[in-house]
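The values are calculated or read from the model by the stated rules, or taken from the named source; none is laboratory data. Keep in mind that what you see is a predicted model, and the values were worked out from it rather than measured. Cβ atoms come from the backbone with ideal geometry, glycine included; neighbour counts cover every protein chain shown. Quick note on the areas: whole protein, heavy atoms, side chains included, nothing else; ligands and nucleic acids left out. Shrake-Rupley method; radii C 1.70, N 1.55, O 1.52, S 1.80 Å.
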Amino acid sequence: ARTDVVLRTLGGGLTIPVLLNEAQKSSVGPGQVRYASVLWGRVDRGGDESKGAAGGDGDGELACVVEQELHQLIVCLKWMVSLSARNVYHDRLVKFFGILASMATTRARVRCVEVLIGFLVEWSRAEGHLVRWRACQLVGNLINNMPEGSDVDGGVLDLIEGAMTRLLLQDGKPHVRAAAARYVSGSGGEGRGDARLLFHDADYDADYDA
């Protein structure tokens with residue numbers, strides 16, 4: 001019920017950062033599923049508009065999404081992996097991205113997840129061990145929650161496998177190695193704390209290097 005009230009109240013002001021702010025207030029359940037559905041709805045509409053503008057050319061399918069919704073998601077993800085402390089709101093968002101991945105039932109949605117994973121794999125090489133840990137955690141939650149039979153690009157799977165193997169075998173921090181191991185096993189973890197994250201609509205031209 002609260003989710004319906006929020007969606008009606010925000011209306012056209014429901015940007016990606018606002019969606020993530022609201023999603024982290026909901027424990028894993030119907031609220032997060034509803035927000036994930038709304039987010040994918042925005043992506044689907046953007047993909048349809050781009051596909052039409054491109055005359056049905058598949059290469060144009062993600063153009064609008066990459067420039068708008070997906071771009072905002074990437075910026076929010078970058079901020080999320082750079083946090084200095086773990087808390088329950090961070091863990092809710094990690095699970096929220098898993099819910100998003102579980103709804104990747106079209107090629108356009110799968111491509112969006114692949115793009116997010118590409119940035120996260122890059123950030124898994126960051127100097128900061130917390131950035132590596134969070135990137136690894138999110139990669140695992142995204143790929144392990146993809147629907148069965150999803151047509152994930154083989155190159156993306158190879159990229160993930162290489163990154164997780166490197167972290168599992170070579171990383172000097174046990175929590176990073178544990179996150180890589182959870183990717184391999186397909187399991188997750190629980191979090192603690194109460195410091196809610198706050199995403200903003202500003203500065204979407206940020207540098208993506210973590």
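Excluding Val81 itself, what net charge comes from residues whose Cβ is under 10 Å from its Cβ, given Lys and Arg +1 and Asp and Glu -1?
Surrounding charge for Val81 is +3.
How would you classify the stretch 81-130 from its alpha-carbon gyration tensor, with a ≥ b ≥ c the square roots of the eigenvalues: rounded for a/c under 1.5, else prolate if a/b is greater than b/c, otherwise oblate?
oblate
So, taking all protein chains as they sit and a 1.4 Å probe, how much accessible area belongs to Tyr183, in Å² rounded to tens?
The value for Tyr183 is about 30 Å².
With every protein chain left in place, what is the accessible area of Glu161 in Å² (1.4 Å probe, nearest 10)?
Answer for Glu161: close to 100 Å² accessible.
Starting from the residue with the highest accessible area, list Trp123, Trp79 in decreasing order, probe 1.4 Å.
Ranked from most to least accessible, the order is Trp79, Trp123.
Keeping all protein chains in position, work out how much accessible area Ser26 exposes to a 1.4 Å probe, and write it in Å² to the nearest 10.
Accessible area of Ser26: about 20 Å².
From largest accessible area down, sort Arg125, Arg42, Arg134, Arg111; use a 1.4 Å probe on the protein chains.
Heavy-atom accessible area, descending, gives Arg125, Arg111, Arg42, Arg134.
Tell me, what HN-Hα J-couplings in whole Hz come from the Karplus equation 6.51 cos²θ - 1.76 cosθ + 1.60 at θ = phi - 60° for each residue of the stretch 114-128, using x for Gly and Pro?
4, 5, 4, 4, x, 5, 5, 4, 4, 6, 5, 9, 4, 5, x
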